[in-house]
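The values are calculated or read from the model by the stated rules, or taken from the named source; none is laboratory data. All values reported here derive from a predicted model rather than from experimental measurement. Cβ: placed from backbone, ideal geometry, glycine included. Neighbour counts: every protein chain shown. Accessible surface areas use protein heavy atoms only, side chains included; no ligands, DNA or RNA. Shrake-Rupley method; radii C 1.70, N 1.55, O 1.52, S 1.80 Å.
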Amino acid sequence: MDLIYDILREAIAPTTAAFALAAIGLNFHFGLTGLLNMGQAGFMLLGMYGYAITVREGGPIWLGVIVAIACAAVFGLILGWPTLKLRGDYLAIVTIAAAEMIRYLGRSQNLNDLTGASTGIRGNDFKGSFEMLSPFPDSQVTFLVWTFHGTRSTSWWLLVVGWTLVALMLLMYWRLSKSPWGRVLKGIREDEDAVRSLGKNVYSYKMQALVIGGVIGALAGIIWALGASVQPDSMGRPTTFWIWTLLLLGGAATIFGPVLGSILFWGSLVAVKGLASLLIPETLLNTQELEPFSLTLVGITLMCLVIFRPQGILGDKKELAFND
Amino acid sequence: MTKRIDRRAIVRALIVFVVAALAVFAVSTIGSTAMADTPDAATAVAQTSAIHADAETTEAEVTVDDTAADAPGTNRIAQNVFNGLVFGLLLALASVGLSLIYGTTGLSNFAHGEQVSLGAMLAYFFATQQPVSLPLLPWEFVIGWPLWLAAIAAIVVAGGTGWLQDRFLWSKLRKRGVKMVQQMIVSIGLSLALLNLLQWWIGPDRLRVSIAIEERRQVGPIQLGDTTAVSIAISIAVLLAVAYFLLRTRLGRATRAVSDNPALAAASGIKVDAIIRLVWIMAASLAALGGILMALYDSGTKFDVGAKLLLLMFAAVTLGGLGQPFGALVGSLVIGVVVETSTLWLGPDLKYATALAILILVLLVRPQGILGRAERVG
């Protein structure tokens, strides 16, 4: 019973919303345009830093969000400028390298005063002003089966904000992907040269997609940070790979794929851990080994997904971006 | 094939580089008060590693080097360049395999870093005097072989995993006609699975493959330990053997033919699939050897050592020219020297970042790398 409650809780938790958001951003890159961005965690980390540092230094929330968005946009521009003309796997290597560079810089001792080096920025330093806005009571609140705190950290307030943001971004994705602009992006995904021959500036369209997706990633980073704290090492390569896994699980190039994928991914991760600790005796798999055990399964899931069902749960095989 | 580098590309590269440098500079002046308190880099490093006991493996290693470099008669720059060359040689062992795989199959293998870790972990598994066990099996046992035997066993087993991978995964994918990008994501999944499998199997702690403490001797302006000297000899010998294999033997020539043009190679009677399987076995064994030597050189290893090296390998391979095994060697040496000398003026926690900066710069100016042939890559 506890296990089912845990799964339900994880399914709507702010982390799930944050990863859904990041996956929506990646959906702009990969699903819509076919860009292999392997550095989504870098965009998230920049968003976190932008927001947390601005707010910690006394800036208002809106400024923090703007700084986060600006950081991600500039990062996208710098990243995209040299690489968007290169072949797909080059873009993958450069984005992954750039994201790791952001992480190395963030955890560097030289920037201790700014980013807090590898310990990061404590949640209490920047969460206050956001939690003050909360309309919910400052205590535990139970709604249906879920119990969360009203305002603090992983709270109803953050939950409402996070999922509202997810809904807005879904709406935006839906409208944009149906627009003439979205059709050009899909055209680039299917056949770049064909689109170029129609007189479209492929490079500029790719850049727009990269920046928009990256900005959504930065928003995801803010939501994630508000639920926990800013920690550069939590935004390493594995995080990007999880986002890829859950996007491919739900279905790339679909509207609800990222959300479904995120809920399923985190729900089943809790389920696997719970079931494994119930069914496999402690002598064979102790609690310390549960985490790597379940993440091993994540890796295998990603492999199987890509090989056997690359369109994911909701996807359409014709709408696939594996064109290289 | 033109020797001329596109001028626009250079301008673009310069601008990006200047913007990035300015950004880093601006950010670090804002946060530089921390640096002002600490007079020299060595103490900063010592503090870093004291505060974060579980910090990056390499930081601890650098601390050792830095304190050693303070000894009289040791030239710090020469020592760092030398360390860089050693690191580059060890890195080359791993990246040559990565480059061979890319050359023959076109796959950017993201799981190659885990092959390096696997080698180190296997060597630890066979050599340690501590009780070890296998995942999901309740028995604990001690193997405790001597180091050389453990290393050979580890390399053989790692080569076996290369064979297994190609036999049951990659060759099947090639037969099914799975696209390259899809295969790349499969390799990412494999790297995620292997990384966590290693952590599950061996645990998250830093391990020592050999308990012996290395004695350092003064050779000219640098200090050199016995283990390091042996590592250098082994890696040079192995790299020469690989070069001989590629240039002088029939199989090696066939390998290069497959790299050049698989269809043409197949038409002239070369068994492309057999060659690719051989390349996988070679790549996995070389990576394992690199991992073992790296573990000895750093006097310690961890389940994620290869994951940290993966991007350096990509940087080396890209720098030398994707799919060019000798390019990978040159690239590795350059990356090694840059990584180690960058610690002279940047913090040691930024040393990998410099290698990644080089990777990005190379892609800006000369995407085909130093030794690569000019071709359209976009």
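For the range A:100-119, the set of residues classified as more than 7 Å from chain B (Cβ to nearest Cβ), over 29 Å from A:THR33 (Cα atoms) and either surrounded by fewer than 23 Cβ atoms within 10 Å (Cβ to Cβ) or aliphatic (A, V, I, L, M) (or both) consists of A:ALA117, A:THR119, listed by residue number.
One residue is enough: does the range A:272-283 have a residue meeting the conditions in contact with a Gly (Cβ under 7 Å, 6 or more places away or on another chain), free of Cβ contacts under 8 Å to residues at least 24 places away in the same chain and not charged (D, E, K, R)? Break it down into steps so the answer makes sense when it comes.
Just the residues of the range A:272-283 that are in contact with a Gly (Cβ under 7 Å, 6 or more places away or on another chain), to begin with: none.
No: the range A:272-283 contains no residue that is in contact with a Gly (Cβ under 7 Å, 6 or more places away or on another chain), free of Cβ contacts under 8 Å to residues at least 24 places away in the same chain and not charged (D, E, K, R).
How many of the residues in the range B:290-331 are within 22 Å of B:MET121 (Cβ to Cβ) and not aromatic (Phe, Trp, Tyr)? Summing the residues that are within 22 Å of B:MET121 (Cβ to Cβ) and not aromatic (Phe, Trp, Tyr) in the range B:290-331 gives 22.
Counting residues in the range A:259-282 that are surrounded by 20 or more Cβ atoms within 10 Å (Cβ to Cβ), small (Gly, Ala, Ser) and out of contact with any His (no Cβ under 8 Å at 6 or more places or on another chain) gives one or more.
Within the range B:228-278, which residues are assigned to a loop (DSSP other than H, G, I, E, B) and closer than 24 Å to B:LYS172 by Cα?
Start the filter on the range B:228-278 by keeping residues that are assigned to a loop (DSSP other than H, G, I, E, B), which leaves B:249, B:261, B:268-271.
B:ASN261, B:SER268, B:GLY269, B:ILE270, B:LYS271 - these are the residues of the range B:228-278 that are assigned to a loop (DSSP other than H, G, I, E, B) and closer than 24 Å to B:LYS172 by Cα.
B:LEU310 meets all of the listed conditions (1) closer than 18 Å to B:ILE236 by Cα; (2) touching a His at 6+ places or on another chain (Cβ under 9 Å) but one, namely (1). For A:ALA218, indicate whether it is among the small types (Gly, Ala, Ser), in a helix (DSSP H, G or I), away from every other protein chain (no Cβ under 14 Å) and within 13 Å of A:GLY42 (Cβ to Cβ). So A:ALA218 fits the description; yes.
Between A:THR287, A:THR254, which is open to solvent by 50 Å² or more (accessible area, probe 1.4 Å), farther than 27 Å from B:ALA111 by Cβ and over 12 Å from the mean Cα position of the chain (by Cα)?
Working: A:THR254 fails: open to solvent by 50 Å² or more (accessible area, probe 1.4 Å).
From the options A:THR287, A:THR254, the qualifying one is A:THR287.
The set of residues in the range A:127-177 that are of a type in the set (Lys, Arg) and either modelled with pLDDT under 90 or closer than 20 Å to A:TRP224 by Cα (or both) comprises A:LYS127, A:ARG152. Pairs meeting the criteria (first residue in the range A:62-89 and away from chain B (no Cβ under 14 Å), second residue open to solvent by 10 Å² or more (accessible area, probe 1.4 Å) and of a type in the set (D, E, K, R), beta carbons under 6 Å, at least 6 apart or on different chains) are lacking.
A search for C-beta distances below 7 Å between a residue of the range B:188-211 that is more than 8 Å from chain A (Cβ to nearest Cβ) and any residue that is basic (Lys, Arg) and surrounded by 21 or more Cβ atoms within 10 Å (Cβ to Cβ), counting only pairs 6+ apart in sequence or on different chains, returns B:ARG206/B:LYS302; B:LEU207/B:LYS302. Before we move on, is A:ILE93 open to solvent by less than 30 Å² (accessible area, probe 1.4 Å), β-branched (Val, Ile, Thr) and either in a helix (DSSP H, G or I) or more than 27 Å from A:GLN208 (Cβ to Cβ) (or both)? Spelling it out, A:ILE93 is indeed open to solvent by less than 30 Å² (accessible area, probe 1.4 Å), β-branched (Val, Ile, Thr) and either in a helix (DSSP H, G or I) or more than 27 Å from A:GLN208 (Cβ to Cβ) (or both). Annotation note: Cβ proximity below 7 Å between a residue of the range B:314-332 that is outside any helix (DSSP H, G or I) and a residue that is of a type in the set (A, V, I, L, M, F, W, C) (sequence gap 6+ or interchain) occurs for B:GLY321/B:ILE370; B:GLY321/B:LEU371; B:GLN324/B:LEU371. Return a yes/no flag: does the range A:178-188 have any residue that is buried (at least 18 other Cβ atoms within 10 Å of the Cβ), within 24 Å of A:LYS318 (Cβ to Cβ) and more than 24 Å from the chain's Cα centre (by Cα). Looking through the range A:178-188, at least one residue is buried (at least 18 other Cβ atoms within 10 Å of the Cβ), within 24 Å of A:LYS318 (Cβ to Cβ) and more than 24 Å from the chain's Cα centre (by Cα). Checked against (1) part of a helix (DSSP H, G or I); (2) open to solvent by 20 Å² or more (accessible area, probe 1.4 Å), B:GLN368 passes all but condition (1).
Can you find even one residue in the range A:114-122 that is out of contact with any helix residue (DSSP H, G or I) (no Cβ under 7 Å at 6 or more places or on another chain) and part of a helix (DSSP H, G or I)? Within the range A:114-122 (the criterion being out of contact with any helix residue (DSSP H, G or I) (no Cβ under 7 Å at 6 or more places or on another chain) and part of a helix (DSSP H, G or I)), the answer is yes, since at least one residue qualifies.
Within the range B:300-328, being small (Gly, Ala, Ser), open to solvent by less than 10 Å² (accessible area, probe 1.4 Å) and at the interface with chain A (Cβ under 9 Å from one of its Cβ atoms) holds for one residue alone: B:ALA315. Determine the pairs where a residue that is closer than 15 Å to B:ALA111 by Cα, located within the range B:163-180, has a partner that is hydrophobic (A, V, I, L, M, F, W, C) with Cβ atoms under 6 Å apart, the partner being 6 or more residues away or on another chain. From residues that are closer than 15 Å to B:ALA111 by Cα, the pairs are B:TRP163/B:ILE281; B:ASP166/B:TRP280. Tell me, which residue of the range A:279-324 that is assigned to a helix (DSSP H, G or I) and among the charged types (D, E, K, R) is nearest to the other protein chains (Cβ to nearest Cβ)? Here the residue is A:GLU289. Restricting attention to the range B:257-279 and to residues that are free of Cβ contacts under 8 Å to residues at least 40 places away in the same chain and among the charged types (D, E, K, R), the residue that is nearest to B:GLY159 (Cα to Cα) turns out to be B:LYS271.
Results for (1) open to solvent by 10 Å² or more (accessible area, probe 1.4 Å); (2) farther than 30 Å from B:PRO367 by Cα; (3) touching a helix residue (DSSP H, G or I) at 6+ places or on another chain (Cβ under 9 Å), shown as yes or no for each residue.
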| site | (1), (2), (3) |
| --- | --- |
| A:TRP81 | yes, no, yes |
| A:LYS85 | yes, no, yes |
| A:ALA98 | no, no, yes |
| A:GLY128 | yes, yes, yes |
| A:LEU133 | yes, yes, yes |
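B:ALA357 fulfils the conditions (1) open to solvent by less than 20 Å² (accessible area, probe 1.4 Å); (2) within 12 Å of chain A (Cβ to nearest Cβ); (3) assigned to a helix (DSSP H, G or I); (4) of a type in the set (Gly, Ala, Ser) except for a single criterion, (1).
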